[in-house]
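Notes for the one structure printed next.
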Amino acid sequence: MKTVFSPRHSDHWLRYEYSGGQAKPCFEKPDRVEFVKREILNRRLGSILLAEEFSLDHLCAVHDESYIRFLQECWAQWVKEMNPELDAIATVFNRQSFADHIEPRSIEARLGKYSADLTAGLGPKSWYAIEASAHVALSGAKQLLGGEKAMFSLCRPAGHHASAALMAGYCYVNNAAVAAQYCLDQGCDRVAILDIDYHHGNGTQSIFYERSEVFVASIHADPDQEYPFYAGRADECGALKGLGANLNIPLSLGTTAWPEYQTALQQSMDAIASYKPDVLIVSLGVDTYEEDPISHFRLSSDDFTKIGKQLAALDLPSLFVFEGGYAVGAIGVNTVNVLEAYSEAV
Ligand code: OKP
Ligand code: ZN
């Protein structure tokens, strides 16, 4: 399996993340994808291609133009109005609707308008990494439509918490959604997205919630007890034309190990098989790992091999898009275990 990568990912890094009333060093750091890249080379998974450039239109096909403009302009405005020594991060949120139609002037107000929470900030060059990450996903999709059986887009930053006009949970542009929309624009009739990151892919769900051409399935920690908290319940099945095209499988924190996970994976695969998509996009997070520092599932490194093998049974052209995973010592092994087992089984 070939991988697409961009060195520009390292333009994005933040000083702190906030949780439990505290500023802490970031779990989401540039090392993550460097470790994955190294393991791909060590295990000879396949060649590593550099991302191609794409028009911004592909990002605006799933995101509001005003939001993309905000991502581009944020840092320069933050430097003028706030403190260039600190990360650009929201402090106020519009939870009423009086000014919803207004593009705010000040950067504090714009940050609040386009942030769902305090888990996504911007640094001096973050936009360049965000754009490159979307290009990594688009390049993978292009290769797939060009005839590759499977591709890995080694995206960073991740995307699955980003919705049409909100950044959240380390995510800015929804790379998997951009790739899915690209596949439709290039002639696919139906695309399935399977999100196996530990956290619910609330951004992806919201982008396609009312549409039938994209089936979205997610297996994740029960939002009753885990981020993103406000989405990911089993009764969220899609709406309007998208009714029936969204599947959530929440699993319990602490107790979910391979037997429970395998059953959920098979259930999501059966639903995808009956949807009969032209292509499958897998939002691949490996934060389901037992030693992940922010997550609470119990998958072992060997279980990731089983995931790859099981997914191969769908026998669909598949684009793997990288999402989360924070146990950097094992992030490469776990990710390549999925991809290698998939390649060997198809
Ligand atoms: C991104 B991805 C809650 C802290 C929230 C944000 C997690 C973002 C995960 N106590 N942490 O899906 O791996
Ligand atoms: Zn995650």
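I'd like the full set of residues that are surrounded by 14 or more Cβ atoms within 10 Å (Cβ to Cβ), out of contact with any strand residue (DSSP E or B) (no Cβ under 6 Å at 6 or more places or on another chain) and either touching a residue at least 40 places away in the same chain (Cβ under 8 Å) or part of a loop (DSSP other than H, G, I, E, B) (or both), limited to segment 50-65. Answer for segment 50-65, where residues must be surrounded by 14 or more Cβ atoms within 10 Å (Cβ to Cβ), out of contact with any strand residue (DSSP E or B) (no Cβ under 6 Å at 6 or more places or on another chain) and either touching a residue at least 40 places away in the same chain (Cβ under 8 Å) or part of a loop (DSSP other than H, G, I, E, B) (or both): PHE54, LEU56, HIS58, LEU59, ALA61, VAL62, HIS63, ASP64.
Can you name the residue in segment 66-101 that is touching a Phe, Trp or Tyr at 6+ places or on another chain (Cβ under 6 Å) and in contact (Cβ under 8 Å) with a residue 60 or more places away in the chain and is also surrounded by the fewest Cβ atoms within 10 Å (Cβ to Cβ) among such residues?
Across segment 66-101, the extreme among qualifying residues is LEU71.
Residues considered: VAL328, VAL346, VAL336, VAL279. Of these, the only one that is among the hydrophobic types (A, V, I, L, M, F, W, C), in contact with a Pro (Cβ under 6 Å, 6 or more places away or on another chain), at negative phi and touching a residue at least 12 places away in the same chain (Cβ under 8 Å) is VAL279. Just so you know, in segment 278-294 the residues that are more than 16 Å from ligand 1 (Cβ to nearest atom) and farther than 16 Å from SER218 by Cα include one that is surrounded by the fewest Cβ atoms within 10 Å (Cβ to Cβ), and it is ASP278. Contact map, segment 232-247: residues that are free of Cβ contacts under 8 Å to residues at least 60 places away in the same chain paired with residues that are of a type in the set (Val, Ile, Thr), Cβ distance under 6 Å, separation 6+ or inter-chain. Pairs shown: ASN246/VAL216.
The one condition from (1) more than 22 Å from ALA180 (Cα to Cα); (2) in contact with a Ser or Thr (Cβ under 7 Å, 6 or more places away or on another chain); (3) away from ligand 2 (no atom under 16 Å from the Cβ) that ASP287 does not meet is (3).
Among the residues here, ALA141 qualifies as part of a helix (DSSP H, G or I), at pLDDT 95 or above and buried (at least 23 other Cβ atoms within 10 Å of the Cβ).
In this structure, ALA158 qualifies as within 16 Å of ligand 2 (Cβ to nearest atom), closer than 19 Å to LEU59 by Cα, crowded, with 24+ Cβ neighbours inside 10 Å and in contact (Cβ under 8 Å) with a residue 24 or more places away in the chain.
Results for (1) out of contact with any Asp or Glu (no Cβ under 9 Å at 6 or more places or on another chain); (2) over 24 Å from TRP258 (Cα atoms); (3) at pLDDT below 95, shown as yes or no for each residue.
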{"position": "TYR182", "(1), (2), (3)": "yes, yes, no"}
{"position": "ASP185", "(1), (2), (3)": "yes, yes, no"}
{"position": "ILE193", "(1), (2), (3)": "yes, no, no"}
{"position": "ASN202", "(1), (2), (3)": "yes, no, no"}
{"position": "SER206", "(1), (2), (3)": "yes, yes, no"}
{"position": "GLU213", "(1), (2), (3)": "no, yes, no"}
{"position": "HIS220", "(1), (2), (3)": "no, no, no"}
{"position": "TYR227", "(1), (2), (3)": "no, no, no"}
{"position": "ALA234", "(1), (2), (3)": "yes, no, no"}
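Condition test on LEU265, is it under 29 Å from HIS135 (Cβ atoms), in contact (Cβ under 8 Å) with a residue 12 or more places away in the chain, out of contact with any Asp or Glu (no Cβ under 9 Å at 6 or more places or on another chain) and not in a loop (DSSP other than H, G, I, E, B)? No, not satisfied. Among the numbered conditions (1) in contact (Cβ under 8 Å) with a residue 40 or more places away in the chain; (2) outside any helix (DSSP H, G or I); (3) closer than 27 Å to PRO228 by Cβ, the only one that PRO104 does not meet is (1). Look at (1) free of Cβ contacts under 8 Å to residues at least 40 places away in the same chain; (2) part of a helix (DSSP H, G or I); (3) within 30 Å of TYR342 (Cα to Cα); (4) not acidic (Asp, Glu) and you find that ARG44 fails only one, number (2).
The values are calculated or read from the model by the stated rules, or taken from the named source; none is laboratory data. As the structure is a computational prediction, the values presented were derived from the model and not from experiment. Cβ coordinates were reconstructed from backbone atoms using ideal geometry, including for glycine residues, and neighbour counts include every protein chain displayed.
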